[in-house]
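Here is the structure we will look at.
FYI, it's all coordinate maths here, none of it is from the lab. Note that the coordinates shown come from a computational prediction; the quantities given were computed from them, not determined experimentally. In this analysis, Cβ positions are derived from the backbone assuming ideal geometry, glycine residues included, and neighbour counts consider all displayed protein chains.
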Amino acid sequence: MSTTIFKHEFRMRLRSVIIWSLAVAAIIFLYLAIYPSFSQDAELLNEMMANFPPELLAAFGMTGIDMASVLGFYGLIFLFVQICLAVQAANYGFGLVSMEERELTADFLLSKPVSRQQILTSKLLAVLICLTITNAVTWISTFAALALFSQGRPYEARHLVLLLLSIVIFQLVFLTVGVVVSLLVRRVRSVTPYAMALAFGAYLLGAFSDMLGDVKLELITPFKHFDASYILQNGAYDLPRVMISVVAIVASVMGSYWLYTRRDIPSVT
């Protein structure tokens, strides 16, 4: 690992990390702040939701959720948190090695006395620290908001911890897939369209899988591998699907190193 590259990559993304972390914290606090007034009529909402088409409830991850419970309400919020985390991780993944190629500074970086493996490792570690900061803010914001707005209602802390622990693998899927896809295409001219397509595409696959009852679609989207309603109801992960995410991460990391060490890097001519 190169300490210089690590520090440069981390400092370059620090402002982005702060913005994403504040955005996630704002979502958690703003939505949970509604819970005290919302919970008074939550039973009526549960009855109304029972009349909604199951496909509609499934599309928004509301199947089997008790909106009167604080964790049931948080499970709905967590879907929006996941979308933010997915976009952030995918954005970092697509920009990890494509930025130097796009700005034609990659040849300068590669002229330094470090191997390509060291460069990629340094970049990955810097981005992992960035995602860990956002992850930590999510944890802190969640417990702080629940302490403020749960109205003393009890909730299963173990189920909540399992849900929050899923963030690590969830982030890594979008990060590593973003890296390997950026290395498979000739040049990523703009990171944002790729990141948005990957994150929202994965979400839509999960929504359509429930609406259409197609289990095969659920196997290829992390949103269904770490479904909040499943984790909160069962207090456990769907291990076969989690393993699909783990395999995707390992395969993407291995593929990224293989592709990067053999990639023809564009240079200033």
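Mind jotting down the three principal axis lengths of the stretch 126-269 based on Cα atoms? Whole angstrom, largest first.
Sorted largest first, the three principal extents are 65, 35, 24 Å.
For the residue pair MET196 and LYS216, what label-to-label distance in nm results when each label sits 7 Å from Cα along the Cα-to-beta-carbon direction?
3.0 nm
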